[in-house]
1. Sort T279, T559 by heavy-atom solvent-accessible area, probe 1.4 angstrom, most to least.
2. So the label point goes 7 Å from the Cα of R751 along Cα→C-beta, right? Which residues of segment 774-798 then have their backbone N under 19 Å from it?
3. Per the helix-only calculation at 222 nm, which mean residue ellipticity applies to the chain, given -39500 (n - 2.57) for every DSSP H run of n ≥ 4 and division by its residues, nearest 500 deg cm²/dmol?
4. Using amide H atoms built in the peptide plane, which far-off residues or other-chain residues are under 5 Å from T291 H to H?
5. Relative to the present Cα-Cα distance, how much length would full extension add between V480 and I772 at 0.36 nm per residue of separation?
6. Using a 7 Å offset from the Cα along the Cα-to-Cβ direction at both W789 and T44, what is the distance between the two label points in nm, to one decimal?
7. Ordered by packing density, taken as the mean number of other Cβ atoms within 10 Å over each peptide's residues, highest first, how do 648-656, 53-61 rank?
8. Can you tell me the FRET efficiency between A365 and W393 if r is taken as the Cβ-Cβ distance and R0 is 22 Å, rounded to the nearest 0.05?
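The values are calculated or read from the model by the stated rules, or taken from the named source; none is laboratory data. Quick caveat: nothing in here was measured; it's all calculated off a predicted structure. Don't worry about glycine lacking a Cβ; one is built from the backbone with ideal geometry, like all the others, and counts go over all protein chains shown. SASA here: full protein model, heavy atoms, side chains in, ligands and nucleic acids out. Shrake-Rupley method; radii C 1.70, N 1.55, O 1.52, S 1.80 Å.
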Amino acid sequence: MAPPDDLTDYARFLAILVERYRGQVRYFQIWNEPNLKNEWGWQTPKPADFLALLRLAYKAVKTANPDAVVLFPGLAPTDGLDPRAPMTELEYLDEIYRLGGAAYFDIMAAQNYGLGQPPSEHRYVFLRGRDNWRWDRPIDTRNDVSRVVLLREVMERHGDLATPVWVTEFGYNAAPDRIPPERRFVWGPPVDELTKGAYLVAQIERARREWPWMGVMNVWMLRYGGYAEPHPDDPTPYFALVSRDWQPLPSYDILQDYVKTPAVAHVGVHRWDHPAVTTTPTGWQVRFAGTGIELRGGTPTAVLLDGVPVALDGNALRGLPDAVHTLELRGGTPPTEFSVVRSLPWRPLADYGPLVLIVALAVTAALTMRTALHALDHLLMRWQTLPAHWREWIIFLAQGLTLAVAYRASAQLPLTMLGLLPFIGLAIAYPALAVRWVAITVPLYFLPKGLFDARFGIRESGIYLPLHEVVLLIAALATVVRDRSHLLHINPTVLRSRATLIALTPALFVLLAGVWGVLIAEARGPALRELRWMIVEPLLFAALLWWHERQGRPTLMPTLIGWIAAGAVSALVAIAQAGGINLVPLFGIKIGYSEDLIATEGVIRATGFYGHPNNLGLAMGRVWPLAAALAWAAWQRQQRWLAMVLASCAILSLAALGVSFSRGAYLGAIVAGGVLLFFATPPRYRRLSLIAVGIVIVLAAGASLIIGIERLSLMTGSSTIRLATWRAALAMLVDHPLGIGLDQFLVVYPRYIDPALTNTNEIYTAHPHNLILDLLLRGGPLLLIGLGWATWCMIRTAARYPTLPLAVGITATMAGALAHGLVDAFYFWPDLAMSFWLLVMSSRIGLSSSALAQSSPAQT
């Protein structure tokens, strides 16, 4: 089965089908198992692709028959390790909800197979064993009856509490021993026919008892059909309740006997036409299992419970034994609905247990206060005797631990705050340390922190916040709280000095251009978001670096080292991914729609933490030249271990750049390497180094033609598409000489795209892949001047301080970024924007400090 080539054709077919059977068929399920490649035309299943189909299908069904009910397809339970299903059904459904898919179905469907496990199994997750251990997924969610609870949790996490769940398939396999084990156990451990029947009944009973949100349950299957006899080694037919010649099996008889028993209403809200309600000569009778029942409507003249007259308390009976009861109503009018409740004996402990625990802890703390205070006093004395750098390391690591809890512990607000509140406290105590975490967490911007908690007013689709943004705002707040007196009494002459004004002018131009980019934008929402993420927050980051350095807190160089270390971790993840080990799920859930590995033009490209291989190439191109330059500096200072660590970071980043297969990144790496080689070479040999770089470029271009890999060719594939994009961007610029606004290229580009590319993915191009065109279109000449000025100041740092490795590293990094930016992005990604202003501040403050330190021995 494969998705239709034209979704509108499928929608028209559905409309005709629904209209034809109107009044006869009311329930329609759209597709089945779209999370499997073999059910999706052997294409990679993507929630966004299926949602596009579901949206049109739902509208077509409802237009043809507003009373029709649309079921979501039953997703195949998977662990994400099968090549046919690269993500679990829980991740798939979560993405559907995140994209707004809850509006396009009326009933959730689920597959609820036990796979040989008894239906009483309540273990939902477990640590993988030695036989199926995976480093990228150490925690497994078991495929058994209880797994449907995890699916329901996904729904409730997105605030969907009202949609019922129908089981479209459940059953147990009774394959005989004669079938070879490698085939017999494909559906889990088989059971005999009697156990199969008992398990089916027990599963229905468990659903009625524990899951009030579950409705219809369909056993798979009645009979194994088809015109041909199944293969003797195929275990699939042994799910059936009757044989091929329609003879009932023992499981059929057991299930038949069960459904013949008088119906019982379990926990939940039920209509009065429920099978558990029967008519008697004097009124009505309802059988229910629970500790209470509430009637809605109706005016009975007499009520009996288990044959004993009782009086209703506000149309309800509560506090009953947890058993099956018979309620008899006589006379009057019947209710319209009734609800059955079950009060668990330990429910008060669940409700008030945390409070009792807190009180117990408080009492225990009060009783041991003297001892605790004495121990605390001792610890404080020991803390004060620790060297300052040890204290900073302890606080820094504690900040990282609490931040990890906030980021990964839970998508619900209370557990998130359990980590975030201590981080805020530690940030206020040491705000300069919190600033370092901004640079460390910025590579995770494609793995944002998700919050889903309708109890606290969070919208049903949840909110997603980049982790570095959260850290930045907390660091800014902590700085204001900690240094409020200094901020209020800052010396105005510092801000009015000529050097400060010159340094601030590029930032001011960029800020004004950003505001202009919002004012002229057609779509204000994306423009405001880009103003926040790419301009305001990076400038705030730069301001925090400047402020803490001015207060005498070493911030700039540790932040630079932290950023390089984070880049090395990103590189390691990308390299492992290229080798077949995907570590990204250990960090978070990526919001990008592309694959982690992209096969294209004869190569397989890694993405790492990022949404596209080009983003990986851009990020690594910023990291490796600076890491290499700082390794050189550490080696000169005889800091061998630090030099080797930084050199390892540079090598890892360069290797990750390689597996991105980004031609622009390769070009930038050659240019950056050339700059490093030029300044590392004695002056009399520098001309030879330039010649060597030129030879490398020529050899690389020749090799790309000889090797024959399309991705490395400069004349085929995306290279020709890039030329068409530039032509369209130039035409756009002619019509809008002052720009089109921040993040507006995707909005305007369809009007200028080459007609030959209209029906391709190029219609979704978000930027012109050239830094000059990009800056002019986003913010006009003012943005080009502002960022160009700041870039020129960084490029010329090596000329001003040719003996300082940091200066050479900044120059090499920006030279490579400019070369790469000629054919791709330059600034407008969160990590690029943050690293840009980090390097600006390093060239302004860090180099001045380094130059002063280098010259001070000569002066003395």
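1. T279, T559
2. So the set is 774-781.
3. -17000 deg cm²/dmol
4. When sequence neighbours closer than 5 places are left aside, the close amide H contacts are V341, R342, S343.
5. Values: separation 292, 0.36 × 292 = 105.12 nm, distance 3.69 nm.
Here the answer is 101.4 nm.
6. 4.3 nm
7. Going by the mean number of other Cβ atoms within 10 Å, highest first, we get 648-656, 53-61.
8. Given R0 = 22 Å and the Cβ-Cβ separation, E is 0.15.
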